[in-house]
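I have placed the structure first, in the form of structure tokens, so that the comments after it can refer back to it.
The values are calculated or read from the model by the stated rules, or taken from the named source; none is laboratory data. These numbers were taken from a predicted model, which means no experiment stands behind them. Glycine also receives a Cβ, built like all others from the backbone with ideal geometry; neighbour counts cover every protein chain displayed.
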């Protein structure tokens, strides 16, 4: 794989192989970042660019737009061979009214299918570019299905706020032709105002096991994939 740098007028500036060549000794997890930093320094010099002065830029996470009720999702894959995956992907989703309707306060325990939360589960994928993809379009296969019964049950009241728990095992299947899927336990805590059926907040975790084929060694390796969900409600 090569990295190509163009200037603001789409003119070629530089290109290099992704893997360090001779002279870069040591584990690739250490040498590759130093190698890329060195090549980018050369590009800056070629373009006459310098480090930006002042304090680092403030990190801004994706957030809801306008008055929409939304859910923010953090996803990371714990692959020891790909430490860059440890940095989570952060996405914001504005589920349709049907999703919020399915999560209304349960007066008694009831069961709903994981597909009710499919708009959120569509964003649960490994945070990297070396994953499953359509070989014609080169776009990653998206999550197409969420399966598994989830139990929504009341979980008490405190200081005028009602609580419920949503729990179960969820299997996510992508749109590839081979039925690839991964699964794990999903647990959510929801809060409600005393007289309102609609959720006021949602916090959830999904702890899946993600299989990846290691073609070089002819085995399938399994890595922890963690997703955290937090609601972003209008004030």
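Points to keep in mind about this one:
- In region 169-192, the qualifying residues are those that are modelled with pLDDT of 95 or more and farther than 13 Å from residue 208 by Cβ, and the one that is surrounded by the most Cβ atoms within 10 Å (Cβ to Cβ) is 190.
- Condition met for residue 4 (touching a strand residue (DSSP E or B) at 6+ places or on another chain (Cβ under 9 Å), at pLDDT 80 or above and loosely packed, with under 10 Cβ neighbours inside 10 Å): yes
- The residues on offer are 199, 154, 211, 149, and the sole one that is under 22 Å from residue 92 (Cβ atoms) and in contact (Cβ under 8 Å) with a residue 24 or more places away in the chain is 199.
- In region 50-102, of all residues being modelled with pLDDT of 85 or more and over 22 Å from the mean Cα position of the chain (by Cα), the one that is farthest from residue 167 (Cα to Cα) corresponds to 97.
- Test: residue in region 145-166 that is modelled with pLDDT under 95 and buried (at least 16 other Cβ atoms within 10 Å of the Cβ): no
- Subset of region 75-116 (residues that are touching a residue at least 40 places away in the same chain (Cβ under 8 Å), farther than 19 Å from residue 186 by Cα and either buried (at least 20 other Cβ atoms within 10 Å of the Cβ) or touching a strand residue (DSSP E or B) at 6+ places or on another chain (Cβ under 6 Å) (or both)): 79, 85
- Applying the criterion of being buried (at least 18 other Cβ atoms within 10 Å of the Cβ), touching a helix residue (DSSP H, G or I) at 6+ places or on another chain (Cβ under 8 Å) and outside any helix (DSSP H, G or I) to the residues of region 117-142, the residue that is modelled with the lowest pLDDT is 127.
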